[in-house]
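Note sheet for the following structure.
The numbers here are math on the coordinates, done by the rules we state, and not lab data. This one's a predicted model, so the numbers in the text were calculated from it and none came from an experiment. Here the Cβ is made from the backbone with ideal geometry for all residues, glycine too, and neighbour counts use every protein chain on show.
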Amino acid sequence: MSLKPVIGASMKMYFGYQQTLEWCRAVSGIIASHPLTQREGQATLFTFPSAPAIEGALQAFRGTAMGVGAQNVSSEPPGAWTGEVSAAMLQEMGCRYVEIGHAERRRHFFETDELIQRKVNIALQHGLTPVVCIGEPEQLSPADATRVAIEQARQVLGEPGTTPQGAVIFAWEPQWAIGAPQPAGDDYIREVCSGLRAWLQDNTPDPHRVIYGGSAGPGLLSQLWPDVDGLFLGRFAHQPEAYRAILDEAAALSGAL
């Protein structure tokens, strides 16, 4: 189990351009002096702004531990694909991560497992770390949910030798819990994430990681650690001081405090 926590955050489409830049500058200042980031490799941090703000985010976080990425990527190489953004361009800009396969894109944009796998492959070919969202659509027992998560990961990674080498971050969140009055319980999350992690460690050569992508707040990382590698934050992280609180918690768990 890695003692280096993974903390991701997505802006989705909540923020406007200036609001995104203000958040990036505020969080950059927090990261610059935070104990979790004072030694290289103590944590993996990434954020996904809306596409028009990627360049501004890259500038704001330059020289910090924060990696910047895109919320989506084309499955195709550069060419006649109106409205798409290529992995090659994201790499050229300085992006290090890309979010792929979120439940919203599966549900509303009809992204299939085959399309998601192509996006993962092209991201890896261009040196981008895919953050792949997975999760069962209906509430199941933890054992059955684990089997679904493993099968989704297997489909993403493909057969051995068919996918470019490189680590993938799997952000697991059960689809049935998105927007629900009651999120998935801690025991449920721990069992599924630890089961998926064990399968990845036993069956794949690359150091893939598993983070929880559901509703997060103070104390959740401590409750799930060490059965998850970290958190993929949504609206909670949109307040810079709330983001600082998560970094404090991660630092305490990793021994940086």
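Rounded to the nearest 20, the size of the Cβ-charge dipole of the chain about its Cα centre is 540 debye, with Lys and Arg at +1 and Asp and Glu at -1.
Please report the orientation-averaged projected area of the stretch 51-211, defined via the convex hull of its C-alpha atoms, in nm². Don't skip to the answer; put the middle values down first.
On the way: hull surface 41.6 nm².
Here the figure is 10.4 nm², rounded to one decimal.
Toward the positive end of the charge dipole of the stretch 1-111, with +1 on the Cβ of Lys and Arg and -1 on the Cβ of Asp and Glu, the farthest Cα among Ile31, Met13, Gln59 is that of Ile31.
Per 0.36 nm of contour for each residue apart, how much would the distance between Gln155 and Arg118 grow if the chain were fully extended, relative to their Cα-Cα spacing?
On the way: separation 37, 0.36 × 37 = 13.32 nm, distance 1.07 nm.
Contour length minus the Cα-Cα distance gives 12.3 nm.
In the stretch 51-211, a dipole from Cβ-located charges (positive for Lys and Arg, negative for Asp and Glu) runs towards its positive end, and of Val132, Gln165, Ala180 it is Gln165 whose Cα lies farthest in that direction. Only residues of the stretch 117-135 count here: report those whose backbone N is under 11 Å from the spot 7 Å along Cα→Cβ of Trp81, or say none. Correct set: 118-123.
Can you bin the stretch 131-208 into rounded, prolate or oblate? Criterion: square roots of the alpha carbon gyration tensor eigenvalues sorted a ≥ b ≥ c, rounded for a/c under 1.5, prolate for a/b above b/c, oblate for the rest. Prolate. What share of Cα pairs, in percent, lie more than 18 angstrom apart in the stretch 189-257? Tail of P(r) above 18 Å: 41 percent of Cα pairs. Among the trypsin sites (Lys or Arg not before Pro) in the stretch 1-72, those placed in a DSSP loop whose Cβ has at most 14 other Cβ atoms within 10 Å are Arg39, Arg62. Annotation for the stretch 133-175 versus the stretch 53-129: alpha-carbon center distance of 19 Å.
Adding -39500 (n - 2.57) for every DSSP H run of four residues or longer, then dividing by how many residues the chain holds, sets the calculated 222 nm ellipticity at -12500 deg cm²/dmol. Inter-label distance, Met13 to Gln91: 2.9 nm, where each label sits 7 Å from its Cα along the C-beta direction.
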